[in-house]
Structures are given as structure tokens and as C-alpha cells.
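The values are calculated or read from the model by the stated rules, or taken from the named source; none is laboratory data. In this text the structure is predicted, and so the values were computed from the model without any measurement. Positions of Cβ are generated from backbone atoms using ideal geometry, with glycine treated the same way; all protein chains shown enter the neighbour counts. Keep in mind that these areas ignore ligands, DNA and RNA; they rest on the heavy atoms of the full protein, side chains included. Shrake-Rupley method; radii C 1.70, N 1.55, O 1.52, S 1.80 Å.
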Amino acid sequence: MYRIKFLFSRSRSLAYISHLDTLRLFIRALRRTDLPLAFSQGFNPHPRLTLALPLPLGVTASNEPGEVYFEAEVSPEQFISELLYQMPEGLQVIKAIEAEPDSPALAALVEAAMYRAELRSFEKNESLNDNLGDITEKSLEKLMQKNEIVFTKSAKKKKDSHINVRPYIIEAKRDTQTGGLVVLKLLLKAGSRGGISPVFFLEQLALESGDESLNAACWNLHRECLYYKKGDILKPLSERM
Amino acid sequence: MHNSKIELVLSRVQKPARYLGNEWNSVHKDHLEMAVIMAFAFPDLYEVGMSNQGLKILYESVNTQNNLLMERVFTPAVDMEEEMRKNNLPLFTLESATPLKNFDVIGFSLQYELSYTNVLNMLDLAGLSLYRSERSSDDPLIIGGGPCTFNPEPLAPFFDLFVLGESEEVLPELLLELAVLKKKDAGRKEILKHFSEIEGVYVPDFYEPIYNEAEKLLKINNKAVAPGRVVKRIVMDLDDAPYPTVPVVPFIQTVHDRAVVELFRGCGRGCRFCQAGYIFRPVRRRSAEKIVAIAKNLVAATGYDELSLSSLSSSDYPHLDQLIEDLDNKLDGDRVKCSLPSLRLDSYSVKLAHRLHQGRRSSLTFAPEAATERLRRVIRKNISENEIYSALNDAVTAGWQGFKLYFMIGLPTEKDEDVEAIISMCRDIRNRFRGRVKGALKLSVSVATFVPKANTPFQWEPQISLQEIIRRQQILVEGFRKIPGIDFSWHDAETSFLEAVFARGDRLLAPLLEKAWKLGCRLDGWSEHFSFALWQQAFAKTGIDGAKYSERRFAFEDCLPWDHLDCGVERELFVRENKLAHSYGEEGGADNV
Ligand code: SF4
């Protein structure tokens, strides 16, 4: 068994497909190449491809890790060049390396994610943006002072469960180096050990502000990086590749 | 490529991927270099439209021409429509986000009657007047194709023309001709006159139905150069016909999300209720070599892991077992599973299904349609009780876990005992096979209501009344309640009624459609959107009696609203088949024809 780890980016034109759609897209693209995909066992064998963390609908990304297994040896160069012609515009593999077949799965390493949220500037009306910038900063401050932010998870058959997700917000601040734009940097816990979705965060922010124009749908969300933990320090997952 | 308004709207709707248009294999061309640009409009949601084989065939056969372009558009979902109207965003094609109004031609695919309100809604969202008479030469030419064109009369006032038969034969020719006429600055009337001379093209403006005072249709007059009867066009040799091998691969899951290769077109079985069985005649086969070659190309171009061997009655393909073997050999290593969508209820088919579904034996689907041998003879679904049980027996022996069975109620000559027989047959099946499968036998039964369709031997037959549909459904509901472990479902009576109204309707129904749409009817094929109350209002406000349409029995000598449209089957054959059906009618001869 051979294993390739890769990094990919997703731009606006493909931001609106779900995680499952993205997986299916990768698999179909790989099937169109001549690469010797490895399949799982069982009645319904499927290619062994995983992405480190699902990308939410509407979110673009620049450094998303994924991994895939092959039956025969495939070089990273071959992987990238064969896949290049089969990927639609908007989804691009930017890096690949060979990986030990039995090193830990990428998905199990994910600890946190860094997002950039940019408020869509409508009419390029600077004073409007200034105003919204102020409101955003104030609401952000209030939100971060809270000890508890409750996320209600509704399961189909079980009772709803309530989780305090405040501890999952590691850092949230306005990026002031962006001219007139309103941009937030959000470092949020993510992965199998618990996390908070950036969309939920923005919804809470909008609620806090009471302003419709800060509605979650008014932000462009971009995932910049995923992190793993080395000792107590968060390190970019892409550095391991 | 999308402008900021579209981008904003997309961020607010559910399933925005329905409206993206940059899917794998989608075609993007420079509009300025095209002689003619056309929008293919499917009047239902993306997931339904993208599963339509006609779309794929036409998309490729038009787009492979250098100077022609076809882009796609589907009915927007309710939330999308709301956003579009709120933001003054006109309906646009997916590939280039071009407003529909800018196209030379908008072609609607007319697959089922319940999509008609979507057609009107799409015209309106495009900013076009609904009625042909209110549109100008600068507006796009509005054309229609698909099975409903064998009686498109309720839609006639909204359309410029319809293509009868297989559009891949006609459409490129029509568009190239339009390119020439466009250069000459020909007006709409002149263009339509030209087109009415093309075989298979029906220009409704050139036909005038004549009614008497009682609104009884007397005859249909043809004007100008238009032929008295429009005869459908067909592809003669499937091996030479264009077939899509690089279809668009959707981002999101669609109803049929797989590669499809068509084995043959038409069906020779002649079940009397089945419109497809007549309008797609004659049977034309694709050669095994060609099928294998297409399959190979399809899989390579799409990356699909499933290949559907489609046709109206796939097990009728000669030496199908051999073909499947060839496909297995040729596709080996690609890890593609083949599937057969339409199986006959016999042992041969069960054997084939068994081969294909090694290891995934959940349910087998069959359509006996009627539960008594008499009624099966009436509809010409000639299969005996013994054959049914022995096929089911084979299936269980082969390891299948259950069955999905399809029946119909309201068929001509049907009596309560025929309806009750559905219950007893299913009970019987359950009792016989229950102990023979691992775990519980999965048995699901779905019952539709007969809709008499144009260009079938049953075109003269009435549909049973709405109350009667409900009464017979009630018999089934009661009966199945007493049998545990059967998943019983039935089609909504009201939608079947509407289908019948439009399937046998005429041009006088156009105002009804308009009214229903104005009142808010759309996506009528979706139970969560369908509102019969709104339809009832529309009937009341236009003074149209729906039952007059659905329940009327035409006499053989009556002029039918679709008499000028010819699907290539002799009228005499329909008459003969109708009489034959009734000869198996009630024993007492109550139904004398
Ligand atoms: S019901 Fe099926 S078998 Fe019968 S004519 Fe129609 S397509 Fe053919």
C-alpha cells in the first residue's frame, strides 16, 4: 500500500459544494486518471481517500490537507501532474508528498483551524464600512467576554444536547491591516476532540450586534490553515508535509 | 464569472451548487463567436433535470457544432426564486450567467404535465411575456420537445413551436437554419413559416381548432404551408446517432447520478396504457460493439463508478447476458458496476440481475401493473400468475431480500375485485417467501393511478373520477393495514387527476395554467409544494371543469385535440387494440364497444 499526502486549495467558484460533494469530486477526478487507486474491502469497495477536516459550505481554503492510498507506487510529481488535468477550475492540488503507510491519519491530528472572515463590501461605501467595523469590534469584545456560549446540537432520535463552545474559541480579533475592509481572524478549535464552526461563531456575533448586515451570509469565509499540537504548541499541519 | 448579485443570492440559498454551472465537462464558449445561442430549459429542479438523458444528448449534439452553443437552466427552488425576485435578478443560464432573454432560442424539455406551471414561471422569471402573441421578434424563440409534445395543446398559446420525436435529429438542423434566417433579418412569422416546413416541427400558430357552441372540438384547420399532420422525426440508425460520451458530471448528487448507455430505443411490447411504448416506436437497437465502446469512453470521461444499461425494457435486448460479459471484460479494472433499470418479471431477468448485483442483494423491482390475469390481458401485460411466482421464487433462491412491486388502479374495465386482488397477491407473496430470506422480507408496494395518454390505445378512455380514485385507494389502505410488514404507498389522487386533465387537454386550458401559476402553483410534482386548493381556485376562477377533461370518454369518430400530431402509429392500430382490450372486459359484456 502506498500513501500520498497532499495539500489543496478551494476558490470562490467551488466554495458552494459540500464536504461529501468535494470527496466525490476528488474520487471521480482520480478515477479519470490512470493512477492505481487502492480500494477498501467489502461488498461496496470504495477508494481510500480522506480530507483532514470537512470544509463547510461556502468556505474557501488555501492549505487543506488530504490523503489517498494506492496499490502501486506513485510519485508525488506523477500524482500532481496526472490529477492536474482532471480537476475542475476552483479546486487545485498544490503540493504532494509520499507518506509512511502507517503514520497517524491526518484527520486524527487536527486540533484547530485559522479562518479569515471578510465582510462583503457592498457599494464600496467607506463610511458604511467604518461604521460596521466599529459595530463588529464592539460586538466581538462583548462576545469574547462571555464565559458561556451555548451550542445546541439536535440529534434525530435523542434529546438535544447543549455544549458550551466558548472554550473552543482560541482567538478572535479584527485584522486592522486591511485598509477600509472589515476582516476578522478566527482561531478556532476543530477536529474530533471538539470544535466550533466559524459560521456558528459569525451567527453569534451577528446576534450580539443585532445588526442584519453582519449576518453570517454577509461574510466571505476562508480557511487559511489547519493546526496540530506538538507538546503544547499549535503547529501548521502543512509543515508536516 | 458570476456577478456580485448572483454571488450574494447564492450565499443565502439552500444547495447553491444547483446554480453553479462550472461542473466537469460543462461547455463554455464565447457567445460573440456563435451564430446561434440556445438555452436548454428544464422545468424542474437541477437534481431532476440533470438526470434526464435527453438533456445530455442534445447538449453534446449541439455543442459539438462549432458555431452553435447550448447552455442549461433549471427551475429555481422556492428560496432561490424568492431571492431572485427580491433582487431583480432575471433567470440566467448556469454556464455563463447570461439572462435567458439574451438567447436566440429557449428550448423547454416537456417530460410530464405537472411541470407546466414551472414552464410559465421560468418564462416570467426570464422577463418574457407568457403568451406568444405578446412577444416580439426580438424575444427568444420559445420551443418545446419531449414526450408531452404528443399533446402539447394546453401549452400551445405559450410556445412558438414544438419538435415531435427525437430532437437530436431536428435541433442542429433547425438552429443552423435559424442562423441563416437571422443573417437575413427575417421576422418571427417568416422564421416560423420556414420551420413549419421542416419535418417533425409543429408550429401551433398555423393550426386552428374549430369548436361548436358546446365547446366540442370539430376539426383542426391548418394554415399556410403547414402540413395537415405533423409526423414525428426519429433517428434511424442508433449506431450512427450522436450519443453523449462526455456528459456534464454534477457536483451534487442527482436523481440518477451515473453513466448511462442506451441499449435500444422504443419498446415492442405494446402495453396499452404506455405512451412511451408507442411514441418511441419503432424499436431500434444499438450494436453491442457500439455499446461497449460508448461505455468505455463514458467511464473514462466522467469517473463514474456505475453504468446503467438503460432502455424501456432492458431485458429485451438480445443476448444481454453476452453484452454484460463483454462489458465486464472491457471495464474490468475500472471498478464499475453495471445496473439494469427496467426488468421484466421473468426468470431470465432475475438471472441477469443476480449476475450484476453480486453481493448487493437488497430489493428487486418489478411492475406487474395489475393483479388479475384478466386485467393484465386488458392492458396487454401478458404474464401469468405462475410466471410471476416462479420469477420471484428464483430471486429469493438467488439471495434477494425483498421486492418492490408497482401496480396501477383505475385501468379500463377495472372492478373492485381487481383492486382487492392487489392486496391478496401481496399477502400471498409475503406468506410464500417470508420464511425463505435472511431476516425480514422487504416488500414494498407502490400503486399509481391510470392516466389515459394521447397516442395510445387507451386515448379514448376516461380516467375514473377523483372520488372514485380515493375510494379505490381506500380499499387498498384498509387491506394493507391488516398485513404487517408491507410498505405500501400510493400516488396522490389529485396529481393524477391533474395529469389526466392536461394529458388529454386542449388549448382552452391555457388560461387555467396561467391562473394557477399566478395563484402561486409551481413545482407541482413535489408533494411539499403541491397545493390542490390553489388549483381548485384556478378552476373556479376560469370556469373550467376539470372532470370534463379527465372523465370524458371520446368516441372513435371524435376529433381529438392531438389528431394533427402523428407519432407514426396508425390510428387503426389504436382502435383495434382498444377493442381487443374491451373484449377481455367484464364477462357480462356490460362494456360493449
Ligand atoms: S410498460 Fe414497459 S414493457 Fe410495456 S410497453 Fe411500456 S415500456 Fe414497454
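What whole-number value in Å² describes the accessible area per residue of region B:20-145 for a 1.4 Å probe?
Values: 3750 Å² over 126 residues.
For region B:20-145, the per-residue accessible area is 30 Å².
To make sure I understand the rule: partners must be lysines, Cα under 27 Å from the Cα of B:Lys337, and not fewer than 8 residues away in the same chain. Which ones qualify?
Those lysines meeting the cut-off are B:Lys56, B:Lys290, B:Lys296, B:Lys351, B:Lys404, B:Lys438, B:Lys442.
What is the dipole size for region B:4-212, taken about its Cα centre, with +1 at each Lys and Arg Cβ and -1 at each Asp and Glu Cβ, in debye to the nearest 20? Kindly include the intermediate steps, with their values, before the conclusion.
Details: 18 positive and 32 negative charges, 111 e Å.
The calculation lands at about 540 debye.
Just to confirm my numbers, what's the Cα centroid distance between region B:411-464 and region A:151-167 in Å?
The two parts, judged by their Cα centres, are 45 Å apart.
Pop a pseudo-label 7 angstrom from the Cα along the beta-carbon direction at both B:Tyr406 and B:Lys290 and give the gap in nm to one decimal.
Label at B:Tyr406, label at B:Lys290, 2.6 nm between them.
Label B:Trp526 and A:Ser121 with points 7 Å out from Cα along Cα→Cβ: what is the distance between them in nm?
3.7
Restricting attention to the protein assembly as shown, give the cysteines that have no other cysteine Cβ less than 4.7 angstrom from their Cβ.
A:Cys218, A:Cys225, B:Cys148, B:Cys267, B:Cys338, B:Cys426, B:Cys521, B:Cys559, B:Cys567
Would you give the gap between the C-alpha center of region B:88-104 and the C-alpha center of region A:1-25, rounded to a whole Å?
Using only Cα atoms, the two centres lie 29 Å from each other.
Within region B:4-212, what whole-number % of the accessible surface is contributed by carbon and sulfur, with the 1.4 Å probe and all protein chains included in the calculation? Numbers along the way, then the final one.
Values: 3170 of 6670 Å².
So the carbon and sulfur contribution to the accessible surface is 48 percent.
Would you be so kind as to list the residues of region B:307-341 that have their accessible area lowered by at least 10 Å² in the full protein complex compared with their chain by itself (1.4 Å probe)?
B:Asp334, B:Arg335, B:Lys337
Between B:Asp334 and B:Glu306, with labels modelled 7 Å along Cα→Cβ, what's the label distance in nm to one decimal, could you check?
Computed distance between label sites B:Asp334 and B:Glu306 equals 1.7 nm.
May I ask you to give the percent of accessible area on chain A that is carbon plus sulfur, with a probe radius of 1.4 Å? Provide the component values of the computation, followed by the final result.
Values: 6120 of 12110 Å².
Here carbon and sulfur together make up 51 percent of the probe-accessible area.
Rounded to the nearest 0.05, what FRET efficiency do B:Ala540 and B:Tyr131 give with R0 = 22 Å and r taken as the Cβ-Cβ distance? Could you check?
My answer for the efficiency is 0.50.
How high is the relative contact order of chain A, given as a whole-number percent (alpha carbon pairs under 8 Å, six or more residues apart)? It would help to have the intermediate numbers written out before the result.
Values: 457 pairs, mean separation 59.9, N = 241.
Reported as a whole number, the value is 25 percent.
Treat every Asp and Glu Cβ in the protein assembly as shown as -1 and every Lys and Arg Cβ as +1, leave all other atoms uncharged, and give the resulting dipole magnitude about the Cα centre to the nearest 20 debye. Provide the component values of the computation, followed by the final result.
Working: 105 positive and 115 negative charges, 415 e Å.
Charge dipole, the protein assembly as shown, about its Cα centre: 2000 debye, nearest 20.
Just which residues of region B:3-32 lose 10 Å² or more accessible area with every protein chain there, against their chain alone, with the probe set to 1.4 Å?
B:Glu7, B:Leu8, B:Leu10, B:Ser11, B:Arg12, B:Pro16, B:Ala17, B:Leu20, B:Asn22, B:Trp24
Relative contact order for region B:249-402: what is it in percent, counting Cα pairs under 8 Å that are at least 6 residues apart?
On the way: 203 pairs, mean separation 33.1, N = 154.
Relative contact order here is 21 percent.
Rounded to the nearest 0.05, what FRET efficiency do B:Leu580 and B:Ser424 have when you use their Cβ-Cβ distance and R0 = 22 Å?
Details: r = 27 Å, r/R0 = 1.22.
So, using R0 = 22 Å, E works out to roughly 0.25.
When the accessible area of region B:331-452 is computed with all protein chains present and a 1.4 Å probe, what percentage of it is carbon and sulfur?
Working: 2150 of 4920 Å².
The computed percentage sits at 44.
Specify which residue in the list B:Ala179, B:Leu89, B:Tyr19 is farthest towards the positive end of the charge dipole of region B:4-212, using unit charges on the beta carbon of Lys, Arg (+1) and Asp, Glu (-1), about the Cα centre.
B:Leu89
Relative to a virtual label point 7 Å from the Cα of A:Ser81 in the Cα→beta-carbon direction, which members of region A:20-40 show backbone nitrogen distances below 15 Å?
A:34-35
In nm, what is the difference between 0.36 nm times the number of residues separating B:Val255 and B:Ser362 and their Cα-Cα distance?
Values: separation 107, 0.36 × 107 = 38.52 nm, distance 1.90 nm.
Contour length minus Cα-Cα distance gives 36.6 nm.
Just to be sure I understand: if you take the accessible area of chain B alone plus chain A alone and subtract the pair, with a 1.4 Å probe, what total do you get in Å², rounded to 100?
On the way: alone 24210 and 13200 Å², together 35230 Å².
Chains B and A together bury roughly 2200 Å² of accessible area.
Could you compute the FRET efficiency for B:Asn87 and B:Thr397, with r as their C-beta to C-beta distance and R0 at 60 Å, rounded to 0.05?
Details: r = 60 Å, r/R0 = 1.00.
With R0 = 60 Å, the Cβ-Cβ based efficiency is 0.50.
Within straight cross-link reach of A:Lys235, meaning Cα distance under 22 Å, which lysines are found once same-chain residues fewer than 8 apart are removed?
Within the straight-line limit of under 22 Å, A:Lys235 reaches these lysines: A:Lys5, A:Lys95, A:Lys173, A:Lys185, A:Lys189.
Relative contact order for chain B using alpha-carbon pairs under 8 Å, separation at least 6, rounded to a whole percent?
With pairs under 8 Å counted, the relative contact order is 14 percent.
How about region A:197-228: which of its residues lose at least 20 Å² of accessible area in the presence of all protein chains relative to their chain isolated, using a 1.4 Å probe?
Residues shielded by partner chains are A:Ala217.
How about region B:435-486: which trypsin sites (Lys or Arg not before Pro) there are in a DSSP loop, with at most 14 other Cβ atoms within 10 Å of their Cβ?
Working: sites: B:Arg436, B:Lys438, B:Lys442, B:Lys453, B:Arg471, B:Arg472, B:Arg481, B:Lys482; in loops: B:Lys438, B:Lys453, B:Lys482.
Answer by residue number: B:Lys438, B:Lys482.
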